[in-house]
Amino acid sequence: MSLTFHWFLPTNGDSRHVVGGGHGTPVTSAGGDRPPSVGYLSQIARAAEHLGFAGALTPTGAWCEDAWLTTAMVSQHTERLKFLVAFRPGFLSPTFAAQMASTYQRQTGGRLMLNVVTGGESQEQRSFGDFLDKEARYARTGEFLGIVRDLWDGKTVDHAGEHLHVEGAKLARLPDPIPQVYFGGSSPAAGQVAARHSDVYLTWGEPPAQVAQKIAWIRSLAAEQGRTIRFGIRLHVITRDTAEQAWAEARRLLDGFDPETVRSIQAGLGRSESEGQQRMLALHGGSLDNLEIYPNLWAGVGLVRGGAGTALVGSHTEVAERIAEYHRLGIDEFILSGYPHLEEAYWFGEGVLPLLRRQGLWSHPFHTPATPEPPTAQVPFAAASSS
């Protein structure tokens, strides 16, 4: 099975420095270096499409632009790139979300994927009018996805649950294709929802042994439901022609971290209700030392950014080796990013993807094998230069 790679649209702004934000923390000032305009995000999306990324993830929350609206606009500047739209079930009715997804598929030629984010921070959820606690939010997500999937299957839905109630819900037009559902979470409640409803379970970039444990856990839960699930991982990446160049770039990013900003962000993230976020924090403990927690796996990004906090750092060959190692565990999809996102897409796309292609692990999703053209007569240079 060919590996699938997705890139990231920084709808919180971009920079040559790490842009913080997420999980209840504000976007750092670096987010203003390259504002997330449709023009700039479209540059990133077109680059990703050209290089062979199958899709692009957009985040969700008060700290970034709305993912539905932004990707709908960016989609008009691309042709085949898919958009992994992150959204929170508590903010939309399930019938309306199912209808939005159906419309999105028709208007973009089937380029929507959904990243369902239950929401790990009660304070932020309350700012949007959602006052359920974490356990109840996961229960509601399960109800939500059950209704949405039935609607996508063309059923008329009557549902009177603990959190959601619809009567006679039905879609006038079904999505084609049905969007793939991506879902992450490290708590027991998250695992149950993922096993029952997700197509792809996502984990953040922990060391391979911890990732293997998560895969075994979700596989077991899914098997109890009679289901099989694919697995993906969310990582940043710093890849260069040599390892020395890559680690020099990591050190440059680290040198740009203001110690007071690190302390403030770590204090905020420490209050997170997200078990996955706490696992990310445990990888570095707030310290700027010993950040290579596994060969080529660097935890520095998580010092100032919520959510995904680790990066693959090394030469193109080393990064390709780590990707192959995660793949052997069962990871088939990689959602990557880097600062700045436009330039780093090229570093990875031109440096690592060709190595994986030669190993038979990846092929360009938008290219078909070319039919060799018949040989043509050589044109003398003098004649050819007249045009």
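Across the alpha-carbon atoms of the stretch 179-316, the computed radius of gyration and Dmax are 16.4, 50 angstrom. When its C-alpha radius of gyration is set against 2.2 N^0.38 Å (N residues), the chain gives a value of 1.02.
How big is the antiparallel share of DSSP beta bridges in the chain, given as a percent to the nearest 5? Intermediate results must be reported in sequence, preceding the final value.
Working: 9 of 46 bridges.
Counting only bridges with both partners in the chain, antiparallel ones make up about 20 percent.
Computed about its Cα centre, the charge dipole of the chain is approximately 580 debye, with only Lys, Arg, Asp and Glu carrying charge at their Cβ.
What FRET efficiency comes out for residue 62 versus residue 282 if R0 is 22 angstrom and r is the Cβ-Cβ distance? Round to the nearest 0.05.
0.30
Between residue 255 and residue 357, the distance separating the two model label sites (each 7 Å from Cα on the Cα→Cβ line) works out to 3.5 nm. Phi angles across the stretch 350-358 convert, under the Karplus curve 6.51 cos²θ - 1.76 cosθ + 1.60 with θ = phi - 60°, into 3J(HN,Hα) values of 9, x, 9, 4, x, 5, 5, 5, 5 Hz, Gly and Pro given as x. Within the accessible surface of the chain, defined with a 1.4 Å probe on protein heavy atoms only, the carbon and sulfur portion equals 52 percent.
For the peptides 44-53, 28-37, the ranking by packing is 44-53, 28-37, with the highest mean count of neighbouring Cβ atoms within 10 Å listed first. At full extension, residue 244 and residue 136 could sit 34.1 nm farther apart than now, given 0.36 nm per residue minus the alpha carbon distance. A 1.4 Å probe run over the protein chains yields, for the chain, 43 Å² of accessible area per residue, whole-number rounding.
Which of the trypsin sites (Lys or Arg not before Pro) found in the stretch 117-156 are in a DSSP loop and have at most 15 neighbouring Cβ atoms, other than their own, within 10 Å? For trypsin sites (Lys or Arg not before Pro) across the stretch 117-156 that sit outside H, G, I, E and B with at most 15 neighbouring Cβ atoms in 10 Å, the list reads 155.
The protection proxy used here, the mean number of other Cβ atoms lying within 10 Å of each residue, ranks peptides 114-123, 309-318 as follows, highest first: 309-318, 114-123.
Between residue 228 and residue 69, the modelled labels are 4.2 nm apart [label points 7 Å from Cα along Cα→Cβ]. A simple packing score, the average count of other Cβ atoms within 10 Å per residue, orders the peptides 178-187, 331-340 as 331-340, 178-187, with the highest score first. Put simply, the amide H of residue 238, placed in the peptide plane, has neighbours under 5 Å in 312, 313, 314, leaving out anything fewer than 5 places away on its chain.
The calculated FRET efficiency for residue 217 paired with residue 76, based on their beta-carbon distance and R0 = 30 Å, is about 0.15.
Rounded to the nearest 500, what is the chain's calculated 222 nm mean residue ellipticity when only DSSP H runs of at least 4 contribute -39500 (n - 2.57) each, over all residues? Provide the component values of the computation, followed by the final result.
Numbers: 14 runs with 158 residues, N = 387.
Calculated from helices alone, the mean residue ellipticity at 222 nm is -12500 deg cm²/dmol.
Shown in residue order for the stretch 70-77 are the 3J(HN,Hα) couplings computed by the Karplus curve 6.51 cos²θ - 1.76 cosθ + 1.60 at θ = phi - 60°: 5, 5, 4, 6, 5, 4, 6, 10 Hz (x for Gly and Pro). Under 15 Å from a label point set 7 Å out along the Cα-to-Cβ vector of residue 210, the amide N atoms of the stretch 262-297 belong to 270, 274-287, 290-297. Over the Cα atoms of the stretch 36-190, what is the Rg over Rh ratio if Rh follows Kirkwood? Ratio of gyration radius to Kirkwood radius: 0.98.
The values are calculated or read from the model by the stated rules, or taken from the named source; none is laboratory data. This is a predicted model, so every value here is computed, not measured. A quick note on method: Cβ atoms are made from the backbone with ideal geometry, for glycine too, and the neighbour counts reach across all protein chains shown. Quick note on the areas: whole protein, heavy atoms, side chains included, nothing else; ligands and nucleic acids left out. Shrake-Rupley method; radii C 1.70, N 1.55, O 1.52, S 1.80 Å.
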